[in-house]
Amino acid sequence: MRMLFSIGAVLVAGMFAGGDVAGIAAPGPKFESPKNQPQPQRLAIDRDAQTVDVELVLAVDVSYSMDMDELAIQREGYAQAIQSKEFLQALKLGPNGRIAVTYFEWAASTDQKIIIPWRLIDGPETADAVAAEILKTPIRRASRTSISGAINFAMPLFDEDPYRGLRRVIDISGDGPNNNGGPVTMARDAALEKGIVINGLPIMVKEPSYSTMDIDNLDYYYEDCVVGGPGSFVITIKDRDKFKEAIRTKLLMEVAGRMPERPVMRVADKDKEPRVSCMIGEKIWSDRWGR
């Protein structure tokens, strides 16, 4: 089941009050067998120390359709959300009280840059350190929009993570449809087959423009073509002033791994016809530039 949320409809209290952790099977251990086998008890302790509640990949759009102000607000939004008392409270409510996170920026199918390699967040000090890393990196912009490229880049990152998550989540934020690389649905389905959940943050703060490849109903596109997996959701940003609030809400839900107490709208099932063509970005690009 996938869920759709509007900003302000999800309260932190409601989120923590009820609901079960999304039923995703834990991936297999990622530990090499040492030459001298340790005692079973020691091995169990080592594995417990490496276990986190969620392995979270933050995949952030830096295509030219995002203006510099939006990029700055986006960076600040993630940094402030990670440091917020609500986030730290959600962190401690998990069975392990810690998560692993990595943050990368993406544009074209071959353009992804890791800003934060895998980091453990288990309290205020580690949260502050990750936030500082996010803010100190110079802001950049690049051409094209490849959501499929971002998903394909994100999937092997889980194999490189030294931590073992009870859940694996890719968090995609962007302001336009896929227009470069392979079809987004193929990348999405490949991730879902690996037990990875994809959540979305479609950014719709500007009116659709010919020059920026924006489309109407980007939220529908994300719901039907991008996100997927048990408990997956979309949070839409339609107001620039709600940018940081949306990011914080999204991270809270991903860390808590719970459904909100309030009822939410069910998103169209994967086997139904998408409300927006999943190839709309590629078609627009081809119609305008013929390639």
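At a 10 Å Cβ-Cβ cut-off, how would you order Lys85, Lys194, Lys244, fewest neighbours first? Display every interim value, and only then the final one.
Details: Lys85 9, Lys194 12, Lys244 19.
Going from sparsest to densest Cβ surroundings: Lys85, Lys194, Lys244.
Between the stretch 75-91 and the stretch 110-160, what's the alpha-carbon centroid distance in Å?
So the two Cα centres are separated by 16 Å.
According to a simple spin-label model (label point 7 Å from Cα along Cα-to-Cβ), what is the distance in nm between Glu125 and Asp67?
Going by the 7 Å Cα→Cβ label model, 4.2 nm.
Quick one: which of 92-103, 119-130, 224-235 comes out on top by average Cβ neighbours within 10 Å, and what's the full order, highest first? Present the calculation step by step, with values, prior to reporting the outcome.
Details: 92-103: 19.8, 119-130: 16.2, 224-235: 23.5.
My ranking of the peptides, most packed first, is 224-235, 92-103, 119-130.
Taking 7 Å along the Cα-to-C-beta vector as the label spot, tell me the Glu76-Thr110 distance in nanometres, rounded to one decimal.
Placing both labels 7 Å along Cα→Cβ, they lie 3.6 nm apart.
In terms of the Cα gyration tensor, with a ≥ b ≥ c the square roots of its eigenvalues, is the stretch 110-184 rounded because a/c is under 1.5, prolate because a/b exceeds b/c, or oblate? Show your work: numbers first, answer last.
Values: a/c = 2.48, a/b = 1.44, b/c = 1.72.
Cα axes put the stretch 110-184 in the oblate bin.
Taking amide H atoms as placed 1.01 Å from N in the peptide plane, list the residues 5 or more away in sequence, or in a different chain, whose amide H sits under 5 Å from that of Tyr103.
Those lying under 5 Å, H to H, from Tyr103 are Leu58, Ile115, Ile116.
Which order results if Met68, Met279, Met186 are arranged by neighbouring Cβ count within 10 Å, fewest first? Can you show the working numbers first?
Details: Met68 9, Met279 17, Met186 14.
Lowest count first: Met68, Met186, Met279.
In what order do Arg75, Arg141, Arg248 fall by count of nearby beta-carbon atoms within 10 Å, going from fewest to most? Don't jump to the answer; show the numbers that get you there.
Details: Arg75 22, Arg141 15, Arg248 19.
Listed from fewest to most nearby Cβ atoms, that is Arg141, Arg248, Arg75.
Given points 7 Å out from each Cα along the Cα-Cβ axis, report the Arg240 to Arg140 separation in nanometres with one decimal.
2.5
For the stretch 60-156, what is the relative contact order in percent, using Cα pairs closer than 8 Å and at least 6 residues apart in sequence? Display every interim value, and only then the final one.
Details: 135 pairs, mean separation 35.4, N = 97.
Reported as a whole number, the value is 36 percent.
Laboratory data are not the source of any read-out in this text; all were calculated from the coordinates shown. Because the structure is a prediction, the values reported are computed rather than measured. Don't worry about glycine lacking a Cβ; one is built from the backbone with ideal geometry, like all the others, and counts go over all protein chains shown.
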